[in-house]
Amino acid sequence: MSTRYAQWCLWGGLLALVAMTAEAGFIDHNFDVAPFTNGATFMDGGLMSDWRAASASVRVTTTAKYTPPHSIVLPEGSALSNAVALTPASHAWTDFRLAPMLGVAPASSATNGASFICYFASNGYVNVWAGSGWQTCSNDVWNHPISPLTNAIFATISIYQDYAAQRAAIMVNDRVVAQDLPFVTTTNRYGHFMAENNDNSAWLDDVRIQTSYDASRLSANVNGVDDVDAAELQNYGYVARTLYVGTGQPYAYATLSNALAVARDRDTLYVVGAAYAESVTVTQDLTLAGSFTNSGTITVAAGSVVSAVSNFVSSLTVSGRVDVAQGIVVSGAVVTVAGNGLITVATNSAQLLAGDLNITGSGVVDVTGGQVADAAAGVGMAGTFALSNTWGTAAVANLDVHESFDLYAPNTRLQALGFSGWGASSTGVVVQASAGYEPMPSQGVRIPEASLISNRVAAASVTKVWTDFRLKPMVGEKPSAPETNNTAFLSYVSSNGVLNVWSGGWIPCTNYINGSSVAVITTGEFVRVTVFANFDSDKAAVFVNGKLARELVSFPSPSVGSYSSFQTANSDANAYLDDVHITTGVPTDLLPVTPSTDLDADGTADAEEIDLYNSVWGWSGPRTLFQFR
């Protein structure tokens, strides 16, 4: 014998038995108000036209109830049904309190027109019809054990039905114990609610059938994802689960591939174990947790988001997005951020540790609170910055830029310093110890043969920019085909040790503006070069070792509207760069008036005049003028 609760849609097989003729738009009854008086019977719709029972013994009672004073008693061999017409019919919630009589599975179950059937087994667990047989629900969908029900003790039962997907889920005492249950038969709308009892008396109370879940009785958020679990069912048709990957209990999946084959958006893959050897692609939005190693590559597809709260060793390729939320994501091999891929490291406890970190296309590693480290490049940075492909538009620095290269680990690749706008065409461009300008020991950037470096700057609205740097150049022949397109200033150091600037052709800077000779620049020695660019007048000026050598140098490309990047190219052996300053103001050490900074001897520093007038000769007369009319 057993107690069985069943819910059917358009079950014509029992229509004559319960003689149902009327339908309610919804049900929300606790049977405590008129006409539900003690002893009132549901026989043949005598109490309410939408409620029907085949026996007068199905009646309102005060003997047992979930909420006082009434409930409905279902004696042995009785059944109760209610016809419901829900609008819209896309989904439905059936909530009720039931004090069941536990028992064995029904000898037979009529399924004609039924969308969902369940019964309460003698072990206290609900059993649901799952396609071709009964499924026992002793755990929730996250594999946590649930407490068994007890004879004649009320439990809260909630059933969700999705008519578009033809799927159902059931909750017992606010825990999702089964989901993705196929309808017993195809039905397109809610029709009947039916409870049937085949053993000693059972009791029914607080029946609610509507199109939204009852927030007063369903509030659990077991998985911690999104909203409460009932809201997840209603919004997505399922609740997100944790899929355990490993060996033994509770690890239901032996491989990453097996788990990913069934994973859905918002699921969690909890992975343990010593050694996997898989190359897998993640196409879902999910969380990766646990601790494991994998000799293959985990690829996050474009459009997918993975939140990493795990420790793992694996090659990682990101075209979508990876959020390093907590813990450590370790890659002993290569992390590649490709296409429009994005890795965010957003909390102080989060770290991205890579054996080798490559950023291609428009990929970005954005670090707002944690740490990123690239062992191969020697990068170990923390704070608010973004590592980006600096040949893309995302890798820019804001003015003012002051770069000594002394804060980075030796051998850090310039390609890895996108957070300061740096980029390089070669992995050989690195920060090198004892290679910088004074004071020693100082670090500088080594620029090998056939290498190009740049620093991109966001300065679209700035009309005057000063670029000041120390360069240890390789002297040589003039470039055979200088790139003048979209260029504001272009120069090189010729084999005779003279700085040459382009202004319609190469112009040597052999003398300062007062006629004195510029010292020869030799290979192996640092020279200070300071360039002023005025984007309103399309004119530039250049200082060599702090002294003005050329002014009113026309831009190679007058169409340049703003400062966007500082580039240095080397075509022979190793050159070195240090102490780069890109600012909107005059370098402060050029402002005090000295014989070196005031070559025209007019009492005003040459750099100040260049900043104000483009020329030290462009203004005569008093600097302050009072005029009255």
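List of remarks:
- Residue-normalised accessible area of the stretch 141-261, expressed per residue, 1.4 Å probe, Å²: 38 Å²
- Each listed q (0.12 Å⁻¹) maps to a log10 I(q)/I(0) for the stretch 472-629, found by the Debye formula over equal Cα scatterers with no solvent: -0.54.
- Computed from the C-alpha gyration tensor, the three semi-axes of the ellipsoid equivalent to the stretch 166-280 are 34, 16, 15 Å, from longest to shortest.
- Grouping the Cα pair distances of the stretch 554-623 into 10 Å bins from zero gives a pair-distance distribution of 15, 33, 33, 17, 2, 0 percent in increasing distance order.
- Rolling a 1.4 Å probe over the protein chains gives SER559 an accessible area of about 100 Å².
- FRET efficiency estimate (nearest 0.05) - Cβ-Cβ, THR510 to SER434, R0 30 angstrom: 0.40
- Quick note on the stretch 429-499: its Rg to Rh ratio, both from C-alpha atoms and Rh being the Kirkwood radius, is 0.99.
- Label-to-label distance for SER596 and GLN166 is 8.7 nm, based on points extended 7 Å past Cα in the beta-carbon direction.
- Largest-first ordering by accessible area, 1.4 Å probe, given options ILE507, ILE610: ILE507, ILE610
- Kirkwood-type radius of the stretch 448-554, with distances r between different C-alpha atoms, in Å: 14.7 Å
- With semi-axes defined as the square roots of five times the eigenvalues of the C-alpha gyration tensor, the equivalent ellipsoid of the stretch 210-331 measures 28, 15, 12 Å, largest first.
- Alpha-carbon centroids, the stretch 91-161 and the stretch 534-591: separation in whole Å: 78 Å
- By accessible area with a 1.4 Å probe, ligands and nucleic acids excluded, highest first: order of THR185, THR283: THR283, THR185
- Reciprocal of mean inverse Cα separation for the stretch 110-217 (Kirkwood radius, Å): 14.8 Å
- Neighbour-limited loop hits for trypsin sites (Lys or Arg not before Pro), the stretch 415-466 (at most 11 other Cβ within 10 Å; DSSP other than H, G, I, E, B): none
- If the segment from SER537 to GLU278 were pulled out straight at 0.36 nm per residue, it would be longer than the present Cα-Cα gap by 87.2 nm.
The values are calculated or read from the model by the stated rules, or taken from the named source; none is laboratory data. All of these numbers come straight from a predicted model, not from anything done at the bench. Using ideal geometry, Cβ is built from the backbone for each residue, glycine included, and neighbour counts are taken over all protein chains shown. Just the protein is used for accessible areas: all its heavy atoms, side chains included, with ligands, DNA and RNA removed. Shrake-Rupley method; radii C 1.70, N 1.55, O 1.52, S 1.80 Å.
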